[in-house]
Amino acid sequence: MISTNNRRLLTMLCLLLAIGPASFFAGAGKASAQVMRVAIVDSMKGSVTVLKSGGAKPFAAFKNMSLNEGDQIATSKDGSVVLQLASDDADKDSVTIGPSSQVTFTKLKESGGTKTKMSVWAGSLWVKVKSVSNANDQFEVETPTSIMGVRGTQFYVGVNPRTGLTSVFLAAGVIEAITGGIRLETDGTPAKDNTVTLYPAEQLDEANNEDGQGLMTSVSIMDITNFINGASPDIIKAILADAANIRKEQDEMLEKAKDSLGEAASKDNFGGTINSEEDLEAAANNLTNLLSLIAREALEQHKIDKSQIDQINKDAKEKLLDLDTAAELKLSEADKLKQKAAEELKEKQKKLGEAKEKQLQEQKDKLAEAVKKAQENQARIAEENRKALEEFTKKLELLYFEKLTKAEQDKFNEKREEIEKPPIKEDSTGGGNVGTTTPNAFASLKFSQAGYATSPLIMSGPTGAVDLEVEFSGFSDSRKIKGYQIEIEYDAWTATFDTSSFDGVSTSLNYRSGGGGFVVEPDGQHVTGANSVDDYRIVEGETSNTLVYTVAKFAGDSVEIRNAASVVKLPFLVRAILPVNEEIGPDTMAAPVHFRIKSITAVDAAGVPVATVKGPELTLQVKPAKN
């Protein structure tokens, strides 16, 4: 049975499913239009994705899709999209977003006036604005360098993330570019005002100064060739498609300029730059021919087809775009100098961008080389450990073989041949009576913990503990010893001798006593049967430290250590040194920690050295625990 409350819930869900798609695709209704505008995907090509406000994953955009405040739209290198910004109470605005762009709608509201704010962090836009019809209306485009406040305007914005340059071209209307920082002229001197006002046919180029202090700014008459070279075909087509509206708005501005000749500087007379009939004539020439010159240059650079221009003229029923015009933009000497300054700023930013890319690539190459060397080093260490283990195994086999009778040796060799290992020859033992042969004195290091020779130590904290054992063999007959001194070298940054564990009270003497007959009684402890005294010190170096451990018997005979036996256990704390900013994860490589016997000097009862030996390097691989 379905309860009454559940029936009501199901009814509401059905209603929501019925009306949901309509509101999603068509935008806000009459009630919501009072507080929210909607951007609707009008047309698109290539790859276009949308990240909804509060969302974690972008998804593909589609025609008639609604975008709201906080949404972000992005285009691929071959993508573009045209958006209509509208509501019941506001005129439609349109935005064409070019390739490789990222735009966020930070404000889309309709309360007390039309308020629209877009943030573009990379790429290009062509914006056609109609909705700013009163003082309460706002339309802003935020870039990494400044905020563009517009009124009755058609304009282009381009942000180059590689060079850090923001470029704005104004076709009609007025733009105020405001920065919260210090605005600088192209020569580095502070500008009079942090706000720059643009008028038709002008372009603004700005970029943060190299030291981050101030905004380098250039305002000049549009450089058509450079603009077309950097603009995408979709943006150029959008500009020329608006030719009729642009010309109408330009004519209205020229008429206001004519009426305000001789008056104080205002937006009507282009900020006071039109003060005479000659100024008006130059401005009229530039605006009248601007779009035709853009079309001609775009055709020459193969950004558009002539058929597209013919169609625009046909739709306008007049020759808006005259490809045969012989006119050019009229530039004063001051205008030419400003264009040159703009080009120098662009070239400077281009070189800075290339330098940063080169530096980034060098850092990537260094990191790749470091990873390669680390991998090669790991492989080398593994091979050295394998060889050292193989050599040590051979010595142990030889020691064992020497203790066997001739018959046992023959049987031992038969077993070796069965597993395809070469037999041990009699002469390899030094000849003579096998049972009384004195083997070579030998010392080696090994890990007390099983498995550390082949697998890394996975630490649960900033450091890990490992016990290192020193093994002797071959100290017999004339090489019986009364004492010895060992020097073990280890990496200063990756290992520390654990003195607290070594000095700690332990009735079993886990660290200080071992095979070989040396039973040590540390200071402050009583050990039954103690017959030795020991001492240790640490010699610090720049990159490595050395532990010097000395022990000598004060009672009993000299010690014979024929077969491999552990004479002391040494506790160490180890840590993994990883590259800067590397996150610990399942793919984190283990870091090596090296230990090496620099020397072992053994002495007899008279204090005369009977052997001085060196041992192979031992390497422990240390790896932090996974996050």
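Could you list, in sequence order, all residues of segment 60-74 that are of a type in the set (A, V, I, L, M, F, W, C), under 27 Å from the mean Cα position of the chain (by Cα) and buried (at least 18 other Cβ atoms within 10 Å of the Cβ)? Spell out the reasoning first.
If we filter segment 60-74 for residues that are of a type in the set (A, V, I, L, M, F, W, C), which is where we start, we get 60-62, 65, 67, 73-74.
Among the residues that remain, those that are also under 27 Å from the mean Cα position of the chain (by Cα) are: 60, 73-74.
Once the filter is applied, which keeps residues that are of a type in the set (A, V, I, L, M, F, W, C), under 27 Å from the mean Cα position of the chain (by Cα) and buried (at least 18 other Cβ atoms within 10 Å of the Cβ), segment 60-74 yields Ile73, Ala74.
In segment 153-175 there is no residue matching the filter, namely being exposed (fewer than 15 other Cβ atoms within 10 Å of the Cβ) and at pLDDT 90 or above.
The residue list Leu240, Leu198 contains one member that is more than 35 Å from the chain's Cα centre (by Cα) and either more than 30 Å from Lys314 (Cα to Cα) or modelled with pLDDT under 90 (or both), which is Leu198. Among the residues of segment 372-412, those identified as in contact (Cβ under 8 Å) with a residue 12 or more places away in the chain and among the hydrophobic types (A, V, I, L, M, F, W, C) are Ala374, Ile381, Ala388, Leu389, Phe392, Leu396, Leu398, Leu399, Phe401, Leu404, Phe412.
Given the structure, is Phe401 touching a Pro at 6+ places or on another chain (Cβ under 9 Å), of a type in the set (Phe, Trp, Tyr) and outside the structural domain of Ala282 (by TED's automatic domain parsing)? No: the conditions fail for Phe401. Restricting to segment 160-189, what's the tally of residues that are within 31 Å of the chain's Cα centre (by Cα) and of a type in the set (Gly, Ala, Ser)? The qualifying residues number 4.
For every residue, the table says whether it meets (1) assigned to a loop (DSSP other than H, G, I, E, B); (2) within 51 Å of the chain's Cα centre (by Cα); (3) surrounded by fewer than 19 Cβ atoms within 10 Å (Cβ to Cβ); (4) at pLDDT 85 or above.
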site	(1), (2), (3), (4)
Val470	no, yes, no, yes
Ile488	no, yes, no, yes
Trp493	yes, yes, yes, yes
Val505	yes, yes, yes, no
Asn510	yes, yes, yes, no
Gly515	yes, no, yes, no
Thr528	yes, no, yes, no
Glu542	yes, yes, yes, yes
Leu547	no, yes, no, yes
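Quick check on Gly262: is it over 30 Å from Ser232 (Cβ atoms) and either touching a residue at least 12 places away in the same chain (Cβ under 8 Å) or not assigned by TED's automatic domain parsing to the domain that holds Leu240 (or both)?
For Gly262, the condition - over 30 Å from Ser232 (Cβ atoms) and either touching a residue at least 12 places away in the same chain (Cβ under 8 Å) or not assigned by TED's automatic domain parsing to the domain that holds Leu240 (or both) - is met.
Would you call Thr195 touching a Ser or Thr at 6+ places or on another chain (Cβ under 9 Å) and over 23 Å from Leu331 (Cβ atoms)? Answer is yes for this residue.
Of all the listed residues (Ser23, Ser53), the sole one being under 30 Å from Pro99 (Cα atoms), over 30 Å from the mean Cα position of the chain (by Cα) and at pLDDT below 90 is Ser23.
The values are calculated or read from the model by the stated rules, or taken from the named source; none is laboratory data. Computed from a predicted structure; not experimentally measured. With ideal geometry, Cβ positions are generated from the backbone for all residues, glycine too; neighbour counts draw on all protein chains shown.
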